[in-house]
Ligand SMILES: O=P(O)(O)OC[C@H]1O[C@@](CO)(OP(=O)(O)O)[C@@H](O)[C@@H]1O
């Protein structure tokens, strides 16, 4: 009976999952791809399977701009160019429709200019005509920007290095050409407005988040998207992640607990302070877990920071009945549980404790707060920092619980336009290795991304 009830609940849950389309709107160089990448990463991380469809990529596959003559191609008078662009948008929309229709994912992001009402209506009608049950929800995210500084930095940071230009013309020529492209789009641009688009659901993000206009929001996903977009910013900053120094429990291989730092751990706290003295950050915030080992590490830096906060939400994964055991004890006492964890570490929940999946849910407010802030140092633990690192480096659920976050290492994350720069500063202070390889799997690299810079200090 209990089993049946659960099945029923599952089915009901399945049925109410509404596929969502998020369509970007805006002139070129308004950060649409930036928004699309960030949203995609965020939604996947919180467990909502999402894929972005970039119409520019379809267009690049369909034709070579160098041969077409770039400026002519985007002119509204160029019928061939117009036709190719319409065709590419249609293909992307169809792929997106199939993706949602086949339940490959819950959210599809259409990364295109969608600057005309006709194009937006085409998308809305296409979604309606699929007659999917429940119907797709369409949400437009328009990025409006008249701040020339933001537009210029977008053009220099990403556009002139795009495959449209790289190796084809000089940076100056590329910039000039791109500005002409924007002018061409302006000739046809019809921004979303209340008069014409009253029935649509949308948010207008004005000047990279200085202000917003939100209209007709429906459902859980749209409201999460709105909340996320209202918290992100473009200002340059870095996020520093470190585990506490080596603890007494680490030395003897025990999980969890609340032991103080070992002698090596204390040395690390001291060296960490010197590192941050050299970084000389004006308004550094330190967020530490409430575990003794983390608080001891963070307190060595107390007077260097503008704020030090001790957050329970940053405490290590709760290993439930396995708290205080070594991996060997765990395997000997609960062999079935141990094997289950190896089989699916992300979803495995310690009895009376937590799973990595639980941890991601617990850390979502931390991610949101990190998005809002400038420079922050997070002093936490192996499992917690894996979740945070996976968010910034876009890692999937299989890799997340095996990311390498060694002791006595600072991981410096600097968000860039479409990615995140990762630097690992490995301190020359002995520490035990708390990493347990995934049995039978290929060894993961030491670094979270291919272009991680590793520095020994
Ligand atoms: O998920 P696994 O790989 O077991 O790693 C998490 C474990 O790492 C440990 C060390 O073994 O973290 P930490 O020392 O950073 O507090 C344990 O407390 C925790 O249970």
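All of the numbers you see were taken from the coordinates with simple rules; none came from a lab. Owing to the predicted nature of the structure, the values given are computational and were not obtained by experimental measurement. Backbone-built Cβ (ideal geometry, glycine too); neighbour counts: all protein chains shown.
Taking the Cα of residue 206, stepping 7 Å toward and past its beta carbon, and measuring to each backbone N in segment 121-146: which are under 16 Å?
Hits in segment 121-146 for residue 206 at 16 Å: 142-146.
Using 0.36 nm times the number of residues separating residue 63 and residue 199, minus their current alpha carbon distance, what extension gain do you get?
Computed gain between residue 63 and residue 199 is 45.4 nm.
Say each of residue 313 and residue 419 gets a label point 7 Å from the Cα, pointing the same way as Cα to Cβ; how far apart are those two points in nm?
Spacing of the two 7 Å Cα→Cβ label points: 3.0 nm.
Is the shape of segment 372-457 rounded, prolate or oblate, going by the alpha carbon gyration tensor and its root eigenvalues a ≥ b ≥ c, with a/c under 1.5 for rounded and a/b larger than b/c for prolate?
Details: a/c = 1.56, a/b = 1.17, b/c = 1.33.
Cα axes put segment 372-457 in the oblate bin.
Could you work out the pair-distance distribution P(r) of segment 20-230 from its alpha-carbon pairs, with 10 angstrom bin width and percents rounded to whole numbers?
8, 35, 38, 17, 2, 0
So the label point goes 7 Å from the Cα of residue 306 along Cα→C-beta, right? Which residues of segment 384-400 then have their backbone N under 13 Å from it?
none
For each of 408, 347, count neighbouring Cβ atoms within 10 Å of the residue's Cβ, then give the residues from fewest to most.
Ranking 408, 347 by Cβ neighbours within 10 Å, fewest first, gives 347, 408.
For residue 336 paired with residue 190, estimate the spin-label separation in nm (one decimal), with each label point 7 Å from Cα along the Cα-to-Cβ line.
6.4
List 57, 106, 246, 437 from most exposed to least, where exposure is judged by having the fewest other Cβ atoms within 10 Å.
Listing 57, 106, 246, 437 from fewest to most nearby Cβ atoms yields 437, 57, 106, 246.
How would 391, 327 line up from fewest to most surrounding beta-carbon atoms within 10 angstrom?
Details: 391 24, 327 15.
Going from least to most buried by this count: 327, 391.
Could you work out how much longer the chain between residue 152 and residue 117 gets when fully extended? Use 0.36 nm per residue separation minus the Cα distance between them, nm to one decimal.
9.9 nm
What length, rounded to one decimal in nm, is gained on full extension from residue 129 through to residue 452, with 0.36 nm per residue of separation minus their alpha-carbon distance?
Using 0.36 nm per residue and subtracting the Cα-Cα distance, I get 111.7 nm.
Going by Cα centres, segment 297-325 and segment 182-243 are how many Å apart?
34
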